[in-house]
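What follows is one structure encoded as structure tokens, with my remarks underneath.
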Amino acid sequence: MLSRIRLFAFFGVFAWLGMTACSRQSALPTATQASAARPIIVFMTDFGTANDAVAICRAVIYGIAPEVRVTDITHQVTPYSIEEASRFLYGVTPYYPAGTVFLVVVDPGVGTSRKAIAVKSKKGQYFILPDNGVITPVLDRDGLAEAREISNQHWMIGATLSSTFHGRDIFSPAAAHLAAGWEFNLVGPPVQQLVRLSPKTSVKSDKGIEGEIIGLDDPYGSLVTNIQRDDLKSLGYNIGDKVLVQIGKKGTALPFAKTFMDVAVGESMLYVDSRGRVGIAVNQGSYSKKFNIMPPEKIFISRKGVPIKFR
């Protein structure tokens with residue numbers, strides 16, 4: 001009888017330990033829950049990687065919000081190119097959730113009267129950046145919920161601000177405070193009117209469409225234009241057609257391809273890139289280097305059946 005009691009007691013303790021372990025295990029956060037609890041800062045600059053500027057900004061962020069995750073768009077924006085930075089920001093933001101903090105330091109006006117601002121979009125994303133128009137395309141698409149000037153000294157580092165490194169002194173600490181959960185309205189007073197960027201747009205006519213080479217798809221050297229997919233379609237071209245193109249003063253006929261391997265290695269092609277813009281490339285080569293073309297440069301695409309008088 002005593003042995004039976006001992007046996008029941010043993011199994012009872014064993015069952016209790018199992019239930020306790022299960023309850024503890026269920027109380028642990030899942031990987032998804034743990035990941036979601038950590039704030040995200042998405043960082044972009046024109047600082048490059050040959051100096052310590054990016055590392056210093058990261059150090060400032062981690063000193064304020066050590067739990068934050070910092071990821072990058074790029075630090076290789078063409079120096080001073082607000083337009084290029086705005087294009088990259090526009091392309092990346094749809095893939096991040098609400099609550100993400102985007103930190104953008106492409107700031108040729110650093111040290112001047114331009115404002116340092118914090119912006120919230122109607123999508124619920126936050127942006128810490130200079131008021132130089134870099135956020136214009138994002139707000140045109142997602143809508144503006146609120147904008148404030150970064151003036152709260154507690155959101156900055158140091159009593160004396162550098163006149164040339166606001167990425168360290170203002171933008172990075174402000175992004176870190178926001179990611180750490182500080183209230184958005186503490187950053188400073190509302191900004192009623194933001195600086196707007198006015199990017200050049202392509203122009204259609206009876207003869208075709210005139211646009212601009214606005215960038216390179218590095219490291220491949222393909223040309224990026226401001227001509228949209230629907231504009232090209234309106235000219236009457238289909239995949240496989242030869243498209244008459246003039247870039248600067250150089251004229252050529254390019255096959256309209258769906259993907260790079262539709263043409264032989266080393267051959268040129270016109271295509272629609274992953275962001276819906278007309279691009280020009282060399283299969284496994286650099287169109288920019290091969291033909292010595294750098295942005296900005298004019299481009300004209302003739303309407304199908306309308307010849308171009310090449311200069």
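The values are calculated or read from the model by the stated rules, or taken from the named source; none is laboratory data. Because the structure is a prediction, the values reported are computed rather than measured. All Cβ positions, even for glycine, are placed from backbone atoms using ideal geometry, and neighbour counts span all protein chains on display. In case anyone asks, the SASA skips ligands and DNA or RNA and just uses the protein heavy atoms, side chains included. Shrake-Rupley method; radii C 1.70, N 1.55, O 1.52, S 1.80 Å.
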Residue-averaged 222 nm ellipticity for the chain, from DSSP H runs of 4+ at -39500 (n - 2.57), nearest 500: -7500 deg cm²/dmol
Accessible area (Å², per residue) of the range 158-246, counting only protein heavy atoms and a probe of 1.4 Å: 54
Cα gyration tensor category, rounded, prolate or oblate, for the range 76-151 with a/c compared to 1.5: oblate
Cβ-Cβ FRET estimate between Met261 and Gln193, R0 fixed at 30 Å, reported to 0.05: 0.05
Within the chain: Cβ-based charge dipole about Cα centre, in debye rounded to nearest 20 (Lys, Arg +1; Asp, Glu -1): 720
Table column - 3J(HN,Hα) (Hz), the range 196-211, Karplus curve with 6.51, -1.76, 1.60, x for Gly and Pro: 10, 8, 10, x, 6, 10, 6, 10, 8, 9, 5, 8, x, 9, 10, x
Inter-label distance, nm, simple model (7 Å from Cα along the C-beta direction), His154/Tyr95: 3.7
Carbon/sulfur fraction of accessible area - the chain, other protein chains in place, 1.4 Å, %: 57
Solvent exposure, largest accessible area first (probe 1.4 Å, DNA, RNA and ligands not counted), of Asp107, Asp206, Asp230: Asp206, Asp230, Asp107
Two-site label geometry, Thr49 and Met294: point separation in nm, points 7 Å out along Cα→Cβ: 2.2
Cα gyration tensor shape for the chain, rounded if a/c is under 1.5, else prolate or oblate: oblate
Percentage relative contact order, the chain, counting C-alpha pairs under 8 Å, at least six apart: 13
Under 5 Å, built H, 5+ apart or other chain: amide partners of Thr225: Ile214, Val278
Cα gyration tensor shape of the range 30-165, rounded if a/c is under 1.5, else prolate or oblate by comparing a/b with b/c: rounded
Distance (nanometres) between label positions extended 7 Å along Cα→Cβ at Arg38 and Tyr80: 3.8
Burial ranking of peptide ranges 51-62, 217-228 (average Cβ count within 10 Å, highest at the top): 217-228, 51-62
The range 125-272: relative contact order as a whole-number percent, Cα under 8 Å and 6+ apart: 15
Flagged links, alpha-carbon separation over 27 Å, of Lys115/Lys204; Lys120/Lys233; Lys204/Lys249; Lys242/Lys289; Lys122/Lys233: Lys115/Lys204; Lys120/Lys233; Lys122/Lys233
The range 198-245, relative contact order in percent, only Cα pairs under 8 angstrom and at least six apart counted: 27
Potential extension, Tyr62-Asn238 segment - 0.36 nm per residue separation minus Cα distance: 58.2 nm
Evaluated at q = 0.20 Å⁻¹: base-10 log I(q)/I(0), Debye formula over Cα of the range 78-231: -1.28
The range 191-311: C-alpha pair distances exceeding 25 Å, %: 19
